[in-house]
Amino acid sequence: MNNRLLIINGPGLSDLSNYNETGYDDLTLDAVQQKCSETCEGLGLEMDFRQNDNESELLSVLIEDIDNFDALIINPAGHSQASSIGLDMYSTVINKITNQGKPVVEVRIENIFKQGNNKPLQGPESGVGFVGGLGMHSYVLAIKAINKKLSNN
C-alpha cells in the first residue's frame, strides 16, 4: 500500500500571478499541482492536493481528514495574505498531527524571511520541517523529504 500525502494550500494561493513580480514567471497553482503529482508518482506516493481561500474551512479539512493521510505538506498562505493568517490556529492543528507521528513540512514559494515579520508555523521540535524561497521547487523538496521520512518509519 502506498503512503498517502495531503498537500494543502491556503488563502491567497488560488492566484499565483502576484509571484510573477518576484521572479517566479508563469507560476500557476495548476503547474504546482502537476509538478507535485509527477514527483509523488515517481516516488510511489498517493497525493491529494487541495487549495482553499477560507481559513476556517482549511483548518476543518486538516482536522477532519488528517486521519486519512500519512503526512502533510502545508503552504498556509500566499505572500499577500501571509500577515493575516492565524498562525496560532495552524500551530494547534499541526501539533495534533505531529503528535500522531505524522511528518509535516511547511512550504513557501517565496522567502518569507525577506519580509521580516513572517515566521514559519510552530510545532514540536522534530515534528515540522520548512522549505521556502524556491518557488515550485519548495514543494518538490518537501515531497522528497516526506518520502524519506516515511520510508524510514
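The values are calculated or read from the model by the stated rules, or taken from the named source; none is laboratory data. Everything quoted here is computed from the prediction, not taken from an experiment. Ideal geometry is used to build each Cβ from the backbone, glycine not excepted, and the neighbour counts take in all protein chains shown.
Just one of (1) exposed (fewer than 13 other Cβ atoms within 10 Å of the Cβ); (2) modelled with pLDDT of 80 or more fails for LYS119. It is (2). Within the stretch 129-138, the set of residues being under 14 Å from VAL104 (Cβ atoms) and either basic (Lys, Arg) or crowded, with 18+ Cβ neighbours inside 10 Å (or both) comprises GLY129, VAL131. Scanning the stretch 27-43 for residues that are in contact with a helix residue (DSSP H, G or I) (Cβ under 8 Å, 6 or more places away or on another chain) and not β-branched (Val, Ile, Thr) yields LEU27, LYS35, CYS36, CYS40, LEU43.
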